[in-house]
C-alpha cells in the first residue's frame, strides 16, 4: 500500500482493504447481536445482583444517615475521653429528629449490635425527652449523662463513632468469627462461640472427601466403560445416566430409606452377621450419611468427563507400553494414567465445586453435622433476615470457588470440560 | 474384556478384583433408585419392608399412596405438578431461544472477546446455587417478581441457558459452514438459511440442551425456596418439605413417577445423541 497506484480497488472503486474491514465489522456486529440478548439478560438479572450482594455486604449507611450531625462533630474527637458538649448536643439534635420520625428504635437495635446495652439507654433517653425533662438552655452533656450511667461511659461513645463510616467489613469478620473490638482492632470471638469456622472447615472437609471418594469409585468404572465393546458399555452407561437424570430429592429420599436404622442396609448387615439386630449402627443424621449420599449423587459428574477423555485414548498405547517390557501396572501408571489427567481435573473440579455449594442433601441426611456454609446462608436469608451477612458469606464462598477454578485453569485448562 | 491366555496369575486375580470393584460401584449407583419402587406399593404407613412384603403376600401391597397422591385431601401434589410443568416448559423455551442465539454468535469466528463472554454466559453453572439463589432473589424482590411464576421462570432461564449454550456450541463445532454459504449463494436470506439449513442440522444439540434446561428447572429447589410463595410451590419444594417434616409413603409414589419421567428423558437424550453422531458422521 505504499503508493496509490498499487492499491487494489473493488468494482465500486473503494479500496479492497477498506471494503474488507467494513465487511468484517459487519460480521462482528452481527455475531455480537446474536449474543447480546442473553448477555444483557444475564448482566441485568444475575451479574449485577451479585455485585449488589457486595455493596449490601459492606453497607453500613443506616446509622451514618441517622446521626449526620453527631458524626460531623465527632470528626475532631480523639475518642479517648468523653466527647465534648458539642458532640452531645449534636447527638441530642439528631436523636430528636429520629424521635419525630419514630425511628429511634431502629437506632437502638442497630447500636445494640455494636455494643450491648444501647437498646435500654436509648429507650431511657426517649422517655426523658417525652416527659420534657431535658432543658435545652442548660448543658445537654450534663443532662444526658444523668439519664443513665452508660451515657457516662466512654466505650459507648466509641461504639457510636465506630458506626460512622458508611462501609464496614464487620460482616466478613463475623463470617470468620472475628469482630471489631472497642478500640477498633480486630479480635477473635471466644473459643466456644466460633461456629462459622467450624462450618467452613466442615464444608471444605466434606467437599474434599466427597471428591476423593468420587474419584476412587469413578475412575475404575469410567475405565471399564471406555474399554468395553460398545454394546456392553452402552448398557452399563445407563447405570451412570439414570441417576444423573433423576431428581436430586428422589435420590436423597432413597438414601433416607436405605440408611435408616430399620433400613435395608442395616437389614443386610444383620443378615450377614456384621452387627446384631439390637445393635444397629446409626448411619443417617451423621457424616456417614452425608458422605454416602453425596458420593452417589455426584459420582456421574466424575464419570462422564473421565469417560469422554478415556474414550479418546487409543488402546494400542497400552499394548505398546507392555510390548516394550512394562508390566501392566507400569504401562498403566506411565502411559495411561498421565493421559487421563485432563479428565481427572475436569471431574474433580466439577464434583468439588458442586459439593462445596451443597445444601439439600446434607440438610436432610446429615442431621446436626449436615449443617454446612450453604445452610447457614439460607438460614440468614430466610430466618434471621440478616441479608447483608448472608451476602458476605455467599461472596466469601464464591471467592473460594473462583480461586479453585482459577487454579484449575492454570493447571489443566477450562476448555477440557465436556458434558457427557 | 477377555484376558489373553498368557496373563500371569496375579494380573488375572487383579483383573477379577477390578471387575468386582466395578460391579460394586455400578450397583451403588443404580440400586438406590430401585428401593423406591416396591416401598411405594406398601400397604402400611411405614417406610420399611413389612414382613408381608418380604413374603410377597399380595395383601401387603396396595396402590393407596398413589390414590392419596392424586385424590388425597388437602394434598399439594396436583398444584405442585402443574406449577413444575408450567415453569419448566417456559424456562426451557426461554433457555433454548436465548441459548441457541448466543451459541450461534459465539461460534462465529468474527465474535470479539469470545473468552470473557463465554465465561459470563456459563457462570450460572459454576457459581454455587445458593449464591445464585441469593443474587436472583435480590433482583426479583427489587423488581417485584418474587413469589410469581414469571420470577421463577426467569430464574430458571438463568440457570438453564449455560447448558444450551454448551451443547449447541459443541454441535456447531462440527458444523460444516459451507452449506450455509451454499444456501446464501443460491439466494436465501439469513433467516431462511437458519430455519431451513442450520436449525435442522443442529437440532439434536438444541434439543439435548433443552432437555438439560428442562431437568435443571424441574429439579431445582434451592432458588425456588427463596422465590416461591405458597401458590408457586413445585414438586421439589413439596418433596423437600415432605422429607423434612414426615417421610410419608406418598412421597415415594411421587418419586416413582419422577423416576419413570427421568427414564423417559434418558431414553430421548440417548436417542438424540446417537442421531447427532450419525448426522455428524454424514457431514464429514
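When residue A:417 is tested against (1) more than 16 Å from residue A:56 (Cα to Cα); (2) at pLDDT 85 or above, just one condition goes unmet, and that condition is (2). Residues in region A:12-34 that are surrounded by fewer than 14 Cβ atoms within 10 Å (Cβ to Cβ) and not in a helix (DSSP H, G or I): A:12, A:13, A:14. Check region A:172-190 and report whether any residue there is within 14 Å of another protein chain (Cβ to nearest Cβ) and on the phi < 0 side of the Ramachandran plot. There is at least one residue in region A:172-190 that is within 14 Å of another protein chain (Cβ to nearest Cβ) and on the phi < 0 side of the Ramachandran plot. When we screen B:167, B:171 for residues that are in contact (Cβ under 8 Å) with a residue 24 or more places away in the chain, surrounded by fewer than 24 Cβ atoms within 10 Å (Cβ to Cβ) and closer than 23 Å to residue B:202 by Cα, the only hit is B:171. Applying the set (1) in contact (Cβ under 8 Å) with a residue 40 or more places away in the chain; (2) under 24 Å from residue A:381 (Cβ atoms) to residue B:143 leaves exactly one unmet item: (1).
Of all residues in region A:366-408, which are more than 18 Å from residue B:221 (Cβ to Cβ) and at the interface with chain B (Cβ under 7 Å from one of its Cβ atoms)? The answer is A:391, A:397, A:398, A:401, A:405. Take residue A:97 and tell me if it is more than 29 Å from residue A:172 (Cβ to Cβ), more than 14 Å from every other protein chain (Cβ to nearest Cβ), more than 33 Å from the chain's Cα centre (by Cα) and surrounded by 21 or more Cβ atoms within 10 Å (Cβ to Cβ). Here the answer is no, as residue A:97 does not meet what is asked. If only residues of region B:70-109 that are over 30 Å from residue A:40 (Cα atoms) and at pLDDT 80 or above are counted, the one that is surrounded by the most Cβ atoms within 10 Å (Cβ to Cβ) is B:77.
Results for (1) at pLDDT 85 or above; (2) touching a helix residue (DSSP H, G or I) at 6+ places or on another chain (Cβ under 8 Å), shown as yes or no for each residue.
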position	(1), (2)
A:97	yes, no
A:102	no, no
A:110	no, yes
A:118	no, yes
A:128	no, yes
A:138	no, no
A:145	no, yes
A:149	no, no
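Taking the criterion of being more than 7 Å from chain B (Cβ to nearest Cβ), surrounded by 14 or more Cβ atoms within 10 Å (Cβ to Cβ) and closer than 24 Å to residue B:129 by Cα, the residues of region A:52-72 that qualify are A:54, A:56, A:57, A:58, A:59. If you filter region B:90-120 down to residues that are closer than 15 Å to residue A:405 by Cβ and in contact with a helix residue (DSSP H, G or I) (Cβ under 7 Å, 6 or more places away or on another chain), you find that the one that is nearest to the other protein chains (Cβ to nearest Cβ) is B:120.
When A:281, A:338 are checked against the criterion of being assigned by TED's automatic domain parsing to the domain that holds residue A:362, more than 33 Å from the chain's Cα centre (by Cα) and surrounded by fewer than 15 Cβ atoms within 10 Å (Cβ to Cβ), A:281 stands alone in meeting it. Per this entry, residue A:8 is not counted among residues that are under 30 Å from residue B:95 (Cα atoms) and either exposed (fewer than 14 other Cβ atoms within 10 Å of the Cβ) or within 14 Å of another protein chain (Cβ to nearest Cβ) (or both). Out of curiosity, is residue B:79 outside any helix (DSSP H, G or I) and more than 8 Å from chain A (Cβ to nearest Cβ)? In short, no. Exactly one residue out of B:23, B:7 is part of a loop (DSSP other than H, G, I, E, B), without any contact (Cβ under 8 Å) to a residue 40 or more places away in the chain and more than 8 Å from chain A (Cβ to nearest Cβ): that is B:7. Select from region B:39-54 the residues that are part of a helix (DSSP H, G or I) and more than 10 Å from chain A (Cβ to nearest Cβ) and list them in ascending order. Hits for region B:39-54 are B:40, B:51, B:52, B:53.
Inside region B:167-191, residues that are in a helix (DSSP H, G or I) and within 28 Å of residue B:270 (Cβ to Cβ) make up a count of 8. In region A:43-50, the count of residues that are assigned to a helix (DSSP H, G or I), within 34 Å of the chain's Cα centre (by Cα) and touching a residue at least 60 places away in the same chain (Cβ under 8 Å) is one or more.
Rundown of residues vs (1) surrounded by fewer than 16 Cβ atoms within 10 Å (Cβ to Cβ); (2) in the same structural domain as residue B:100 (by TED's automatic domain parsing), yes/no style:
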residue: B:195; (1), (2): yes, yes
residue: B:200; (1), (2): yes, yes
residue: B:204; (1), (2): no, yes
residue: B:212; (1), (2): no, yes
residue: B:229; (1), (2): yes, yes
residue: B:252; (1), (2): no, no
residue: B:267; (1), (2): yes, no
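Restricting attention to region B:253-275, the residues that are closer than 25 Å to residue B:44 by Cα and either at the interface with another protein chain (Cβ under 9 Å from one of its Cβ atoms) or in contact with a strand residue (DSSP E or B) (Cβ under 6 Å, 6 or more places away or on another chain) (or both) total 5.
The values are calculated or read from the model by the stated rules, or taken from the named source; none is laboratory data. What you see is a predicted model; the values in this text were computed from it and never measured. Cβ sites come from the backbone with ideal geometry, for glycine too, and all protein chains shown count toward neighbours.
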